[in-house]
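Readers should treat all values here as calculations from the given coordinates under stated rules, not as data from a laboratory. Please read these numbers as outputs of a predicted model, since none were measured by experiment. Cβ atoms come from the backbone with ideal geometry, glycine included; neighbour counts cover every protein chain shown.
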């Protein structure tokens, strides 16, 4: 009869002497058995060099494309501006041919579809970054001066001028109004807004900018529509006295000799002269 201690000692000894087949197999499995390619340091260095050369080739190509589109194509393409982005985007399909024609075979043999995918993204983002840089100040000016802080009307009072903001692109006066009234606004630009030409018409008739006369007596009169007083161009359009009841259109045309093309903008404002409402009184 075998006691418990003897049985446990025999079991422990058998487990210790049993061959560890799984451990041996795991220990002896090579990278090839696991589907991993063997590392070739020479091939790895060659591929890294090929990828680096590809990167700089794509950056150079994208930079050249941005410069050509900005300084050659852009000046004459204002009427067909879609070409300015269509041509650089389609240039993506030229990248494989450019690589094969300019680089030696020792580099090209390392390129795969993944290479062209990465090169496409690098080309697009490099071109976009440089285009944003080259089409904004100080390298370009492609937008006419724009209205700074909305527009409204100032009316003379004992304390100076009172400002009335526009409501749904309109300002209102009542028939028989008195005093001085001006439609006011201010233009700002990434360059000096005063360099542009401003043509003002009131109900179809040409008129002048009254701001210089106002500024002599009250330089702060237009502060409600000015947020860049150091670089803006204020405009004040005088409302003629004695206008009849009706609607009057005021238009300001802005023309700027920009870079690389001429910039234009038209601002329309509406003045409504309302009839005096007389309330009936009954006894």
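The table for this structure:
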quantity: The stretch 131-190 - Rg over Rh from alpha carbon coordinates, Kirkwood radius; calculated: 1.23
quantity: Theoretical gain in end-to-end length, residue 268 to residue 249 [0.36 nm per residue, Cα-Cα removed]; calculated: 6.1 nm
quantity: Percent of alpha-carbon pairs separated by more than 19 Å within the stretch 41-134; calculated: 43
quantity: Crossing angle, helix 41-68 versus the chain [Cα axis fit, 0-90 degrees, rounded to tens]; calculated: 10
quantity: Cα principal axis extents for the chain, largest first, Å; calculated: 133, 69, 34
quantity: In degrees, nearest ten, helix 113-134 long axis to first principal axis of the chain (Cα); calculated: 30
quantity: Translational D in µm²/s for the stretch 85-197 (Stokes-Einstein at 4 °C, 1.567 mPa s, Kirkwood Rh from C-alpha pairs); calculated: 65
quantity: Within a Gaussian network of the chain (alpha carbon springs, distance under 10 Å), most fluctuating of 78, 264, 106; calculated: 106
quantity: The stretch 146-274: equivalent-ellipsoid semi-axes (sqrt of 5 x gyration tensor eigenvalues, Cα, Å); calculated: 25, 17, 12
quantity: Antiparallel bridge percentage (DSSP; both residues within the chain; nearest 5); calculated: 90
quantity: Separation of alpha-carbon centers, the stretch 224-283 and the stretch 67-130, rounded to whole Å; calculated: 48
quantity: Net lengthening on full extension, residue 146/residue 125 (0.36 nm per residue, minus Cα-Cα); calculated: 4.6 nm
quantity: Ordering of 157-164, 243-250 by burial proxy (mean other Cβ atoms within 10 Å per residue, highest first); calculated: 243-250, 157-164
quantity: Degrees separating the helix 4-17 axis from the principal Cα axis of the chain, which is the longest one; calculated: 80
